[in-house]
Amino acid sequence: MSIYAVQFLIGLSDASVLFLTASGLSIIFGVSRIVNFSHGSFYMLGAYIGYSLIGDSDNPLIFWGGLFLAAVVTGLVGVLVEIVLLRRLYHVPELFQLIATFGVILVIQDLTFMIWGAEDLLGPRAPGLTGSIELLGALVPSYDIALIVLSPLVLVGIWLLFYKTRWGALVRAATEDREMVAALGVNQNLLFTGVFFLGCFLAGLGGAAQLPKGGANLLMDFGIIAEVFVVVVVGGMGSIWGAYIAAIIISELNAFGILFLPESSLVMMFLAMAVILIARPWGLFGKSESMEHKPPSEREDLTISGRKLPWNWGWLLLIAVLLVIPWFQIDFVMTLVIEMVLLSFFAATLHFIMGPGGMVSFGHALFFGGGSYAVALFVNYLQLPMSVLLIAGPAVTMVFALLVGWFCVRLSGVYFAMLTLAFAQLAWSVVFQWDSVTGGDDGIIGVWPTGPAEDKIVFYYLVITLTSLSLYVIRRVISSPFGFALRACRDSSLRSRAIGIDVRKIQWIAFTISGFMAGLAGSLYVYSKGSIFPTEMAIPRSFDALIMLLLGGVQSPVGPIIGGSVYTFLIDYITRFDYWRLLLGIMIMLLIVLFPRGISGIFSSGIIQRIKLLGQSE
Amino acid sequence: MLTVNKLNTFYGRAHILRDVSLDISKGEAVALLGRNGAGKSTTMKSIMGLLKPASGLVEFEGKTISGLKSYHISRLGIGYVPEERRVFAGLSVLENFAVGKQKPRQGGMEQTPENLFKLFPNLESMKDRPASQMSGGEQQMLTIARTLMGNPKLLLLDEPSEGLAPLIVEEMARTILQLKSTGITLILSEQNLRFANLIADKAYIIEKGEIRYKGTMDDLNNNAEVRDAYLTL
Ligand SMILES: Nc1ncnc2c1ncn2[C@@H]1O[C@H](COP(=O)(O)OP(=O)(O)OP(=O)(O)O)[C@@H](O)[C@H]1O
Ligand SMILES: [Mg+2]
């Protein structure tokens, strides 16, 4: 019995850390509508800063003061990010905000690495709380008890701040109607900066508070982000109470999952989330999050023009160039082109659900990496030939997409995106944790093409052919009646329903098609590399595809191709540098700040307005 | 007090306001009349900085305000009461007031909830109630009161009578007249003459984003041709 009690209490103390971090994310989203993807990075920063501030002092004042100060410093870093970056992005499409915060992750990762080094750091022990307390006949570390007490205190603190101060009233008002708050004379910039401070402060506090339990390491940022997203989605975006309850549910499931299912404790968490979201699509305490009311202009960048493009000579030219390349027999060029083509293909599958479908997925690597892993596992355990696996691989991801899609299409907007991310993280963690089957971190090697495609040139042509064929199919689907229905669902699910379109079904099918295609890209990819590692399924891979779309522009069907090629080329070059993440992060941010409407947005309405006016005055 | 000079505003690529000019003196009550979709709200939002005009100039008390941020414009003394109410539904009456509260401007008065409860007696009894649990008329009163917490010198009222029962409309008119008597300058957007007649001295008529008529209310009432061309009854 006592082991359960201990496990329960440890779950509660984990919940504290999770709640602190998640509440910060929830607050930031509630007011600014920005999904701060870099929230995990602030959590990590809090831990590192706390580590440095506290050192190995055994003075309780320094310990607790250090925790608090670490949170404050983290909050200030957040303020810097808000002022330099996010403030310029409140009016740009969600996708860009998201990718910008992804840039923040990269920068913080490398900076942390530069300052504190790669080694995991052992956290300080809390003075006076190093022992254990006997509770319910079991020994529980006293620090865990302290953490359990901390979160309700913070919860009450946040509540008082929000419901008993004018600042709190302003924040709640801004959550409802930002424009109106501005029109009443409130400086939104200050308000948002304050909110961002509070959110990052809480993340930093979470990171610092877990120091005695978990120390600090460079994996903390991505390590917590999926859980935090799950908590926020389950609790309801913007709801602090929801975050608290959800943090407890999730942490308890984890704590008990470890007892029963040590290999894949995370599965429980995601299952719970799935069940809760089916019953309550907006989370336990959330309100419906609809994109319907947004005026079209705000969504412009995620739309694809309805007119049919004429058959484009550019495509033919591109294919011609690609076909000629092997004649030169330069191996590394062929390798690079294959990678560019396959990643563009991957980006195009994401574009299909994002552009015409309006479904922003943060977890598309699930299908890309899933295809790769399916093939690699079949090769490893059954030695099946490539001809079979190029069908079996995508078939497996299609089944994944059917399953995942069934849940995801019940949601929309941010919830949809977060759920896809959560599923991708789930798949990643299974691959990562299940060493005995997947090889864990060491991946699977020795996956080479079989049959005629053993010849690199044949493989090259196979890649080009299958990719062009798939892209052609995708384009046909987009301009088919199904494609129109899909766009109708994106533009207004209410109206589509009214004219008898089964919105969920349409979106589900689109999601499945996309999953199948991404799986094909992944299947080819693993053959081109000869090996596969969990990183192909991880969050950064999902973001690669998003960044490619950003670079190429979501509006245009060639966008994924251009973006995919440019990005692959860039990464190939940039990863030669030591601090390439820093570099890439800064480049991403600059790109978004300088071209907030995407490269394709240079010809946006702002310029057209001015030209129109000029025409009239003359 | 307020001069609007050749304002042009777009929604995306749609050219909505075309060379809109207005001239409002201190203490006046001016009606901005026009049918559905004529551009009344767009004009107000452009003055308020909620929409960025592509060209044109807005001056308030001799200071150029076009291009300033909304909060800045509001702090200079322009109060904006939007159409469709837009109360903060999750906030109580007093909290809604708190959001609208601004420091008094130099030499100006400071508005207090107590004062506002004299003007809007209904609100007092529900001061701790969330705005979501109030009737449409009460919410409309609340948006006006909330804006008054910022001690505005000029008040932009966007269709305050919209969707209210006739009795409530009368009460609304009385309240606005009371406000007018305190010396506050008013711009009132309306679709029909009846309500405007109760309050305004002067009128502009806007149609398809262009000002088509400018004159006193009396002149307008005598000009059946203009009325029939631009207004619904
Ligand atoms: N968010 C928007 N996006 C695009 N066009 C808009 C938007 N809001 C208004 N319009 C258009 O601008 C024009 C003027 O609208 P506005 O709201 O200013 O009219 P109004 O005179 O206030 O009408 P009403 O009496 O119905 O409130 C209309 O043709 C309308 O269709
Ligand atoms: Mg209007």
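The values are calculated or read from the model by the stated rules, or taken from the named source; none is laboratory data. Being a predicted model, the structure only gives us computed values, none of them experimental. Cβ atoms come from the backbone with ideal geometry, glycine included; neighbour counts cover every protein chain shown. For accessibility, only protein heavy atoms count, side chains too; no ligands or nucleic acids. Shrake-Rupley method; radii C 1.70, N 1.55, O 1.52, S 1.80 Å.
General observations
- Counting Cβ atoms of other protein chains within 10 Å of each residue's Cβ and taking the mean over peptide B:45-55 gives 2.
- Compared with its chain on its own, the range B:91-125 contains the following residues whose accessible area drops by 50 Å² or more in the full protein assembly (probe 1.4 Å; ligands, DNA and RNA excluded): B:L91, B:E95, B:V99.
- A simple packing score, the average count of other Cβ atoms within 10 Å per residue, orders the peptides A:41-47, A:164-170, A:357-363, B:153-159 as A:41-47, A:357-363, B:153-159, A:164-170, with the highest score first.
- Each peptide in A:115-122, A:6-13, A:84-91, A:520-527 receives the mean, over its residues, of other Cβ atoms within 10 Å, and ordering these scores from highest gives A:520-527, A:6-13, A:84-91, A:115-122.
- Averaged over peptide A:164-170, the number of partner chain Cβ atoms lying within 10 Å of each residue's Cβ comes to 4.
- A:Q383 paired with A:F569, simple spin-label distance in nm, labels 7 Å along Cα-to-beta-carbon: 4.3 nm
- Net charge dipole size for chain A [Lys, Arg +1 and Asp, Glu -1 on Cβ; Debye, nearest 20]: 2180 debye
- A Cβ-based charge dipole, computed about the Cα centre of the range A:334-607 with Lys and Arg at +1 and Asp and Glu at -1, lands at about 1060 debye.
- Put simply, the amide H of B:G79, placed in the peptide plane, has neighbours under 5 Å in B:K153, B:L154, B:L155, B:L156, leaving out anything fewer than 5 places away on its chain.
- Remark on the range B:8-31: accessible area falls by at least 40 square angstrom from chain-alone to full-complex state for B:F10, B:G12, B:R13, probe 1.4 angstrom.
- Computed from backbone phi with θ = phi - 60° and the Karplus coefficients 6.51, -1.76 and 1.60, the 3J(HN,Hα) list for the range A:84-91 is 6, 10, 5, 4, 7, 10, 5, 9 Hz; x is used for glycine and proline.
- The value of relative contact order for the range A:2-260, using C-alpha pairs under 8 Å at least six residues apart, is 46 percent.
- Cut-off under 5 Å, modelled amide H: who pairs with B:I16 long-range: B:T9, B:F10, B:Y11
- Relative contact order (%) - criterion: Cα under 8 Å, at least six apart; region: chain B: 28 percent
- A:T535 accessible area, 1.4 Å probe, all protein chains in place, Å² to nearest 10: 90 Å²
- Net charge over other residues, Cβ less than 13 angstrom from the Cβ of A:P534 (K, R count +1; D, E count -1): -3
- Charged neighbours of A:T512, selected by a Cβ distance under 13 Å, balance to +2 (K, R count +1; D, E count -1).
- Residue-wise HN-Hα coupling along the range A:142-153, computed from phi with Karplus coefficients 6.51, -1.76, 1.60 (Hz; x: Gly, Pro): 4, 5, 4, 4, 4, 5, 4, 6, 4, 5, x, 4
- Most positive-pole-ward Cα, A:P281, A:V186, A:M220, against dipole of the protein assembly as shown from beta carbon charges: A:V186
- A dipole drawn for the protein assembly as shown from +1 and -1 charges on Cβ atoms has a positive end, and of B:V99, B:T216, B:T182 the residue lying farthest that way is B:T216.
- Chain A: relative contact order in percent, alpha carbon pairs under 8 Å with at least 6 residues between: 21 percent
- Ligands, DNA and RNA aside, B:R18 has an accessible area near 90 Å² when probed at 1.4 Å.
- Mean-position separation - Cα centroids, the range B:118-194 and the range A:80-99, in angstrom: 37 Å
- Residue-wise HN-Hα coupling along the range B:21-33, computed from phi with Karplus coefficients 6.51, -1.76, 1.60 (Hz; x: Gly, Pro): 10, 9, 9, 10, 9, 4, x, 6, 10, 10, 9, 10, 9
- Put simply, chains A and B cover up around 2500 Å² of each other's accessible surface, both sides summed, when a 1.4 Å probe is used.
- Residues losing 40 Å² or more accessible surface upon assembly, the range B:64-87, compared with the chain by itself, 1.4 Å: B:Y71, B:R86
- Anisotropy class of the protein assembly as shown from Cα gyration tensor, a/c 1.5 cut: oblate
- Computed [θ] at 222 nm, deg cm²/dmol, chain A (DSSP H ≥ 4; -39,500 (n - 2.57); rounded to nearest 500): -24000 deg cm²/dmol
- In the context of the full set of protein chains, residues of the protein assembly as shown present 42 Å² of accessible surface per residue (probe radius 1.4 Å, heavy atoms only).
- The protein assembly as shown - percent of accessible surface contributed by carbon and sulfur, probe 1.4 Å: 64 percent
- Lys, Arg +1 and Asp, Glu -1 on Cβ, resulting dipole of chain B about Cα centre, debye, nearest 20: 780 debye
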